[in-house]
Amino acid sequence: MPGTLKIILFLTLLISSISTGFAASPENFSVSVEEIIPISQIVTPYFDSLVESSKINVNEEPSFYGSWSPDGSRLVIDAFFNPMTGTRLYAVYVLNADGSGIRELASTPNNTKERSLSIRGVYYPFSWSQWSPDGSRIGIFANIFTVRDFYVIADPDNTLIKTAGKCNYTTVDNIRENILDLEWQTNFIWNPEDTKALIIMDKDPLNDQLYLIDRDGYVLQKLTDTSDRVETAIWSNDGKKIAYSTGQTEDEETGLWIINENGTENKRLDNGIVIGWSPDDSRIYYVDENFSLYSIKVDGTDRFQLSTKSFSRNEDVFSFSPDRKSLIFSTVNDEGVTMFLTDSTGKNVQVLEEFSGRCVFKPSWSPKGDKIAFTQGTDLHTINPDGTGKKLISSAITDYEWHPSGDFISFIASDSVFVASPDGSTKIQLTEDGDNYRFLNDKYLSGWSPDGSRLLISNGSTDLSMIKLEGYEDPLSIDYLIPAEGEKCQLRVRCMSEPVANALVTLNENEIGFTNNSGILNYSCPAAGRYMINASKAGYRSASKVLVVEDNSSASPEKSVVSESSSDPSSDSENEEIPGSEFQVSGFRWTAVVIFLLFFVWRRNFL
């Protein structure tokens, strides 16, 4: 090998070994706080103004929850009063990751005690609201208790909303007045390509069926028409198939089905409730009527049981390693807790950890895949995937979460926030004693921003703050049209909603130009296909998004315009010109599946 080639290879390997975040080996582990931003204090004046205009008598502090956009540049915040008796008030806000640029997406100022509409952009018990993978839409859960559960599609750039499904109401008052025109809706999940979403709905909740809707909530296709209601559904990792379950009552047969995303080849595989797909989409994992965990091929063959112990859908974990080669799952019951490790097919099952007694467990992979963290009661441990190297990280914790880099783990103990190296040898306290923090955002929500620069923390619900770490650049974000082949394309690069001039933009690593003073770049669309757009500039964290160029035959049909005046006086025509983008992510959060299944159990018992 020539000397020059050896040097290039060495430098390539050296560069690839450097983490984009902190290099946090036990020897040089260091994390510092740049500032703590009081998110709830930023939102409170806006919510107080809403309370005053609503003329609602309140005797409690509002609750706050937050959720990161996929690129980490923005937050959606829920603020609400939810008293056991009296009128409830809800508002959903969007703001930049640095706490600036707050805008209201929707609120419910005309609620009454008898008819309180809830709108939750982050989290609602037994449901889940979702950012689209590109961050241009938010599926917001809304309901009037015992009357309707449904979803609203929101555009965070233009503060537009529209009900999902067959009805197209665009204001909160219209939604409330026409609530009975809406379907009961559950199981809203964006597809991996961010072009459509699954939703289960029907006017009669005992006859729920599976539908596809587009990015703006319009119905594209009814996928099922079964005698037993559809209860839960999940996308395959490539977005080409859907696994779903029917039944789950004494009068209905519990069925495990698979169907193509265009509605063809609907096939019943077995009895059971779908849990997840294998990484290569060749197998489906599910729970049978006896709560045993099984795996089966998509053609219905090679069915086998992973464990003889009962798998609890609302307590146990089911999680693939970051490299998708290994799987951990657990069984939690009155006899004790067992954590299993297996390969991606579900075969070669090994017991990784086992202890007696019922306790909080919450295992999770390190983003690097080299450690597994779990709690045993209030003790936080890490262990190697082969079962060796078990370490006690801390005792008396109330919550924990891995940093996205996997270089360290964050946790709360004694009402303060700490970070620790994966082996627990080094610990750093990030907040002062007595700050009374209890959770890293919320037990169902990610506290860390996707880039790991910021961490949401809370005291339970009434105080939401953000820790910003030193050493991270603010992220760029990309917006662009979804084009048809042959058309001119336009994209915009921003940081914290402000345009970024002179950002270098590449398409599949080929330079296509620099943004102007408004952050805009015009360019000619390539042929139909999928491409990677990257934007970069010194002093900023680079942004990458997948661009899907559609030909004319696959372009979406013309839709009626969703019209509602923006509550943001700074909105301009540039926002109107760039309605969305495409961003590719794979998989789904196991927690979301748990929430959906909890909802089905609750609703079945209630109805």
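The values are calculated or read from the model by the stated rules, or taken from the named source; none is laboratory data. In this text the structure is predicted, and so the values were computed from the model without any measurement. Positions of Cβ are backbone-derived with ideal geometry, glycine not excepted, and every protein chain shown enters the neighbour counts.
Evaluation of THR431 against the conditions (1) among the hydroxyl-bearing types (Ser, Thr, Tyr); (2) within 22 Å of the chain's Cα centre (by Cα); (3) at pLDDT below 95; (4) farther than 30 Å from VAL349 by Cβ shows that the sole unmet condition is (2). Residues that are among the β-branched types (Val, Ile, Thr) and surrounded by fewer than 24 Cβ atoms within 10 Å (Cβ to Cβ) were ranked within the stretch 77-93; the one that is farthest from the chain's Cα centre (by Cα) is THR85. If you check SER319, SER307, SER282 for being modelled with pLDDT under 95, farther than 19 Å from ASN207 by Cα, polar (S, T, N, Q) and not assigned by TED's automatic domain parsing to the domain that holds SER366, only one passes: SER307.
Just name the residue that is nearest to the chain's Cα centre (by Cα) out of those in the stretch 94-115 that are farther than 29 Å from ARG541 by Cα and surrounded by fewer than 21 Cβ atoms within 10 Å (Cβ to Cβ). For the stretch 94-115, the residue satisfying everything is PRO109. When the stretch 82-126 is filtered for residues that are of a type in the set (S, T, N, Q), without any contact (Cβ under 8 Å) to a residue 60 or more places away in the chain, under 22 Å from ILE457 (Cα atoms) and outside any loop (DSSP other than H, G, I, E, B), nothing remains.
Listed conditions (1) within 17 Å of GLY424 (Cα to Cα); (2) in contact with a strand residue (DSSP E or B) (Cβ under 6 Å, 6 or more places away or on another chain) are all met by GLN350, apart from (1). Filtered by the rule that a residue be of a type in the set (Asp, Glu), more than 17 Å from VAL94 (Cα to Cα) and crowded, with 19+ Cβ neighbours inside 10 Å, the stretch 133-183 gives ASP149, GLU183.
Among the numbered conditions (1) free of Cβ contacts under 8 Å to residues at least 40 places away in the same chain; (2) in a loop (DSSP other than H, G, I, E, B), the only one that LEU269 does not meet is (2). The set of residues in the stretch 309-352 that are among the hydrophobic types (A, V, I, L, M, F, W, C), within 18 Å of SER278 (Cα to Cα) and not in a loop (DSSP other than H, G, I, E, B) comprises PHE318, PHE320, LEU327, ILE328, PHE329, PHE340, LEU341. Checked against (1) modelled with pLDDT under 95; (2) closer than 24 Å to ILE328 by Cα; (3) outside any strand (DSSP E or B), GLU250 passes all but condition (2).
Has the stretch 129-152 got any residue that is modelled with pLDDT under 85, touching a helix residue (DSSP H, G or I) at 6+ places or on another chain (Cβ under 7 Å) and not in a loop (DSSP other than H, G, I, E, B)? No.
If the condition is being of a type outside the set (S, T, N, Q) and either free of Cβ contacts under 8 Å to residues at least 60 places away in the same chain or under 20 Å from LEU469 (Cβ atoms) (or both), then the stretch 61-76 contributes GLY66, TRP68, PRO70, ASP71, GLY72, ARG74, LEU75. Among the residues making up the stretch 190-231, those that are outside any strand (DSSP E or B) and either among the hydroxyl-bearing types (Ser, Thr, Tyr) or in the same structural domain as ASN143 (by TED's automatic domain parsing) (or both) are THR195, THR224, THR226, SER227.
Here the condition is being touching a Leu at 6+ places or on another chain (Cβ under 8 Å) and within 25 Å of VAL122 (Cα to Cα); of MET466, MET496, it holds for MET466 alone.
Could you tell me whether ALA396 is free of Cβ contacts under 8 Å to residues at least 40 places away in the same chain and under 27 Å from SER73 (Cα atoms)? Against the criterion (free of Cβ contacts under 8 Å to residues at least 40 places away in the same chain and under 27 Å from SER73 (Cα atoms)), ALA396 does not qualify. Here ASP208 fits the description: in contact (Cβ under 8 Å) with a residue 24 or more places away in the chain, in contact with a Lys or Arg (Cβ under 8 Å, 6 or more places away or on another chain) and farther than 22 Å from ASP280 by Cβ. Condition check for ASN502 on (1) touching a residue at least 40 places away in the same chain (Cβ under 8 Å); (2) in a loop (DSSP other than H, G, I, E, B): one failure, at (1). Every condition in (1) touching a residue at least 40 places away in the same chain (Cβ under 8 Å); (2) under 12 Å from ILE39 (Cα atoms) is met by ALA79 except one, and the failing one is (1).
Yes or no, residue by residue, for (1) free of Cβ contacts under 8 Å to residues at least 24 places away in the same chain; (2) assigned by TED's automatic domain parsing to the domain that holds PRO109:
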position: PHE150; (1), (2): no, yes
position: ALA154; (1), (2): no, yes
position: THR159; (1), (2): no, yes
position: THR163; (1), (2): no, yes
position: CYS167; (1), (2): yes, yes
position: ASP173; (1), (2): no, yes
position: ASN178; (1), (2): yes, yes
position: PHE188; (1), (2): no, no
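Restricting attention to the stretch 232-243, the residues that are part of a strand (DSSP E or B) and over 14 Å from PHE188 (Cβ atoms) add up to 2.
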